[in-house]
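The values are calculated or read from the model by the stated rules, or taken from the named source; none is laboratory data. None of the values given here were measured: they were computed from a predicted structure. When we count neighbours, we look across all protein chains shown, and the Cβ atoms used for this are built from the backbone with ideal geometry, even at glycine.
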Amino acid sequence: MKLKTTLIFLLTVCGLLFVVSPALAEEPSPTPSDDEVNAIAANMYCPVCENIPLDVCPTAACAQWREEIRDKLSQGWSEQEIYDYFALKYGDRVLAEPPRQGFNWLAYIVPPLAFIIGAYFLYRGFKTWRRPVEELVDESPAKPTEGQDEYLSQLEKEVERRK
Amino acid sequence: MNISRNWKRKSSAASENKVSGRMTEEKETNEQKSGQSILVQILVWGAVLFLLGIVAIQLSKTQEGTVQIGDKAPDFVLTTFEGDDIASTDLTGKVVLINFWASWCKPCEVEAADLQTAWEMYEPSGDVVFLGIAHLDTDKEAAAYIERFKITYPNGHDLGTRISQDFRTTGVPETYIIDQNRILTKVKIGPFASLSEITSAIDSLLEP
């Protein structure tokens with residue numbers, strides 16, 4: 001009798017699991033939070049209100065865009081897929097980081113290049129500033145150091161020897 | 001003493017030769033350095049001028065304003081929300097009204113109903129085509145807007161904002177009317193105030 005009851009109980013549990021599990025599996029993913037949406041929106045700009053990141057832009061257009069990001073996230077889109085979608089639909093200018101192609105390369109090359117060129121000119125500037133200072137300070141006649149001018153030292157030795 | 005003098009002379013000559021050699025070397029080195037410096041300066045100034053040129057072109061584009069009346073209208077292909085492609089080049093011989101709008105744009109709502117009424121007036125003749133271009137809009141909101149104002153003329157997204165860039169639009173709503181020879185005849189910045197304002201602009205192009 002006890003075995004029969006246990007068997008019935010187990011069959012009931014299995015039956016319930018069989019009915020409930022597909023329903024659980026099909027349940028939509030939870031709505032993405034504002035933080036999740038804003039993490040992506042922070043890397044985008046709405047062309048309507050230039051120079052304001054999408055996550056903090058107060059216009060209706062930007063609110064709609066954020067909702068679109070939320071929709072895409074809830075559909076399981078990856079961050080990159082969302083960026084690609086927005087770039088295709090609204091142009092590359094919506095991205096905080098322009099794609100590395102064509103003229104966009106200028107945005108990546110020019111700043112470090114300008115820095116390097118600037119550093120080079122600064123270095124040259126410092127180098128040329130130092131020279132006159134050295135010449136002014138070292139006004140006394142230069143004493144030949146050992147091996148500096150072998151002819152001169154040889155001559156001096158010869159003169160000393162013949163005195 | 002004579003030997004000493006001779007030594008001094010020899011040594012002095014040797015020193016002079018050495019110094020003159022050094023000076024020649026230094027001169028050559030300085031010339032090389034100067035040549036390199038000029039080349040570097042030319043390259044740097046060339047790069048600076050190139051960048052300034054790009055900035056100037058971009059600035060002039062933004063300052064240019066919309067396409068001017070009397071100019072040939074830019075060619076474009078509009079992909080409608082239904083998925084059809086409409087090429088502006090295929091519309092030669094017809095009057096074309098292009099309306100840039102957005103669901104988030106309140107002034108666009110002012111003219112939406114009048115545009116639809118005007119379209120219903122001209123559609124049977126087949127001489128006039130209306131095209132709605134959703135500017136920076138989302139699918140869901142754009143569809144809701146079309147549904148709300150019961151718009152039946154073809155509408156589509158401004159994909160990549162290419163069409164608005166070609167027309168150099170300054171915002172929404174903006175409407176461009178193009179004649180049968182694809183010449184721009186009217187630019188309306190902001191909403192049409194009335195139905196008659198729309199019809200008078202089109203009728204003047206349909207008159208024989």
Suppose we filter the stretch A:71-113 for residues that are touching a residue at least 24 places away in the same chain (Cβ under 8 Å), in contact with a Lys or Arg (Cβ under 8 Å, 6 or more places away or on another chain) and part of a helix (DSSP H, G or I); how many remain?
1
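Within the stretch B:80-95, does at least one residue satisfy the condition of being more than 14 Å from chain A (Cβ to nearest Cβ) and either aromatic (Phe, Trp, Tyr) or within 21 Å of residue B:189 (Cβ to Cβ) (or both)? It would help to see each step written out before you state the result.
Within the stretch B:80-95, the subset more than 14 Å from chain A (Cβ to nearest Cβ) is B:80, B:82-95.
Narrowing the set further to residues that are either aromatic (Phe, Trp, Tyr) or within 21 Å of residue B:189 (Cβ to Cβ) (or both) leaves B:88, B:95.
Yes.
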Is it the case, given these coordinates, that residue B:56 is within 12 Å of another protein chain (Cβ to nearest Cβ), of a type in the set (Gly, Ala, Ser) and surrounded by 10 or more Cβ atoms within 10 Å (Cβ to Cβ)?
no
Matching option when the condition is crowded, with 21+ Cβ neighbours inside 10 Å and over 21 Å from residue B:161 (Cα atoms), among B:142, B:102, B:134, B:118
B:118
With the condition kept exactly as written, say whether any residue in the stretch B:136-145 is more than 14 Å from chain A (Cβ to nearest Cβ) and either in contact with a Pro (Cβ under 7 Å, 6 or more places away or on another chain) or aromatic (Phe, Trp, Tyr) (or both).
no
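Could you go through the stretch B:69-88 and let me know if any residue there is surrounded by 10 or more Cβ atoms within 10 Å (Cβ to Cβ) and part of a helix (DSSP H, G or I).
Taking the stretch B:69-88 and keeping what is surrounded by 10 or more Cβ atoms within 10 Å (Cβ to Cβ), we get B:69, B:71-81, B:84-88.
Next cut, part of a helix (DSSP H, G or I) only: B:88.
The answer is yes, given that some residue of the stretch B:69-88 is surrounded by 10 or more Cβ atoms within 10 Å (Cβ to Cβ) and part of a helix (DSSP H, G or I).
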Index of the failed condition, residue B:147 passing every other in (1) loosely packed, with under 14 Cβ neighbours inside 10 Å; (2) under 28 Å from the mean Cα position of the chain (by Cα); (3) modelled with pLDDT of 95 or more; (4) among the charged types (D, E, K, R):
(2)
Identify the residue in the stretch A:41-70 that is assigned to a helix (DSSP H, G or I) and touching an Asp or Glu at 6+ places or on another chain (Cβ under 7 Å) and, among all such residues, is surrounded by the fewest Cβ atoms within 10 Å (Cβ to Cβ).
A:64
Taking the stretch B:154-193 as the search range and keeping residues that are aliphatic (A, V, I, L, M) and under 25 Å from residue A:88 (Cα atoms), which one is surrounded by the fewest Cβ atoms within 10 Å (Cβ to Cβ)?
B:159
